[in-house]
């Protein structure tokens, strides 16, 4: 059974139970007040018909009724009637006696001169002897007894008490009030069902359709949740799950694409040296190198290509471990300025042999402390310097190293005056196997993993790395590492 049907049945049952209990309470109230089990619609008539007068007034009325039945002539005695009327007026009631269509006796306090016109007709069986009547804006409750005078003329004795107009209005409006109450209960039930259906069933139906979309593999949609109830929070959690699932699928697809590209790149980079090695071995087998000089050249080619393959495999293995977060870092607080300066001093003489001038401007104060892995940080410097040297063509060849502390990080910049990189290629130089030349020649591009490994190491230090370059204007590699919060300074 659906939630919609359950809600409909539950609120219908609540409505029915409410009405039944209300009617039962009304019936019990009627029985308690009147002692008579009758329909609820007659309750307000029954109450005033059975008990229109007070207890004392009823006693006087019974005395008058006795006289009317047994001594009707006594009701012509004005002195006796004045005595009874005096007693009734003490109870705020009135005495009225009629004979046929004429007023025989009336209390002076009755302010209705035409009262006789509104009195009920004669009913000699006296089945309905109590009721109320309305004269203009006034309401009167009465007890009446019809009898015959000795001359066989019809007569009536009435004890009358004026009632509150408000009470009579309520008595008149009681059935209307009950009907309106029933309609209000019905409308409230319908509105409650509608709003609860809209706030519960519709969001659940939207969630169901969303799950079907996900089952079909469609994650390109958004689930909007309005409100702050449990259903809305469920929808928000579902949308959060959908977003994360979408990112996961996109990442998985990207991983799959990267895997295909990685396999293609590895195949290409391994196939090239293997082809050279195979060609050299076949030449040796066929006796092409007929002199020692040629043989040495063939053997050197094989050795060089084997070294290239070994280097590529080592770099690929290192990159894979970094990418999978399986290569541990050994962090310690170091003075980055001292570390870079020592490296520059050692490298300076090697670069001079290659005709490259190395300049540096390094801040070695205590503000240059970072939390770093020495070995991996050195690998970063080696990879960047190798790239600078490899592409250096302009004269004079020059490399500049700048290090300065900032507010929250330390900025390290390595600049060369090489040929530069095109603006289109700059965003991709830190991707694995990327080379700007489409031929992927190892003579000009290396393995394509050096800068990718550099980026992995820097990100492992919670730092950032980016490049600035233009064709013909050289290249700058900028690294930013967070400053260490420790106060201890370690000399390096």
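The values are calculated or read from the model by the stated rules, or taken from the named source; none is laboratory data. It should be emphasised that the depicted structure is a prediction, and the values quoted were computed from it without experimental measurement. For neighbour counting, all protein chains shown are included, and Cβ atoms are generated from backbone atoms with ideal geometry for every residue, glycine included.
Listing for the model above:
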{"item": "Residue list for the range 139-188, restricted to those being closer than 16 Å to residue 15 by Cα and at pLDDT below 75", "result": "178"}
{"item": "Subset of the range 349-358 [surrounded by 14 or more Cβ atoms within 10 Å (Cβ to Cβ) and not in a strand (DSSP E or B)]", "result": "351"}
{"item": "The range 453-468 - residue that is in contact with a helix residue (DSSP H, G or I) (Cβ under 6 Å, 6 or more places away or on another chain) and assigned to a strand (DSSP E or B) and, of those, surrounded by the fewest Cβ atoms within 10 Å (Cβ to Cβ)", "result": "467"}
{"item": "Any chance residue 316 is outside any helix (DSSP H, G or I), surrounded by 13 or more Cβ atoms within 10 Å (Cβ to Cβ) and out of contact with any strand residue (DSSP E or B) (no Cβ under 6 Å at 6 or more places or on another chain)", "result": "no"}
{"item": "Qualifying residues in the range 284-308 (those that are touching a helix residue (DSSP H, G or I) at 6+ places or on another chain (Cβ under 6 Å) and at pLDDT 80 or above) - the one nearest to residue 456 (Cα to Cα)", "result": "305"}
{"item": "Filtered residues of the range 373-411 (kept if in contact with a helix residue (DSSP H, G or I) (Cβ under 7 Å, 6 or more places away or on another chain) and either part of a strand (DSSP E or B) or on the phi > 0 side of the Ramachandran plot (or both))", "result": "399, 401, 403, 405, 410"}
{"item": "Failed item in (1) surrounded by fewer than 13 Cβ atoms within 10 Å (Cβ to Cβ); (2) touching a helix residue (DSSP H, G or I) at 6+ places or on another chain (Cβ under 7 Å); (3) at pLDDT 85 or above, with residue 124 passing the rest", "result": "(2)"}
{"item": "Helices (runs of 4 or more DSSP H) enclosed by the range 1-102 - at least 1 residues per element that are under 22 Å from residue 118 (Cα atoms) and modelled with pLDDT of 75 or more", "result": "55-70, 78-90"}
{"item": "Any chance residue 361 is in the same structural domain as residue 416 (by TED's automatic domain parsing), farther than 17 Å from residue 482 by Cα and surrounded by fewer than 14 Cβ atoms within 10 Å (Cβ to Cβ)", "result": "yes"}
{"item": "Candidate set from the range 71-106 (those that are touching a strand residue (DSSP E or B) at 6+ places or on another chain (Cβ under 7 Å) and closer than 15 Å to residue 153 by Cα); member that is surrounded by the fewest Cβ atoms within 10 Å (Cβ to Cβ)", "result": "100"}
{"item": "Every residue from the range 341-358 that is closer than 20 Å to residue 379 by Cβ and touching a residue at least 24 places away in the same chain (Cβ under 8 Å)", "result": "342, 343, 344, 347, 351, 358"}
{"item": "Given (1) surrounded by 13 or more Cβ atoms within 10 Å (Cβ to Cβ); (2) in the same structural domain as residue 466 (by TED's automatic domain parsing), number of the condition residue 393 does not satisfy", "result": "(1)"}
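Residue-wise test of (1) within 26 Å of residue 314 (Cβ to Cβ); (2) in a helix (DSSP H, G or I).
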| position | (1), (2) |
| --- | --- |
| 252 | no, yes |
| 260 | yes, yes |
| 265 | yes, yes |
| 269 | yes, yes |
| 272 | yes, yes |
| 276 | yes, yes |
| 279 | yes, yes |
| 288 | no, no |
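Residue-by-condition table, conditions (1) closer than 30 Å to residue 298 by Cα; (2) assigned by TED's automatic domain parsing to the domain that holds residue 308; (3) surrounded by 15 or more Cβ atoms within 10 Å (Cβ to Cβ); (4) at pLDDT below 85:
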| residue | (1), (2), (3), (4) |
| --- | --- |
| 223 | no, no, yes, yes |
| 234 | no, yes, no, yes |
| 254 | no, yes, no, yes |
| 261 | no, yes, no, yes |
| 270 | yes, yes, yes, yes |
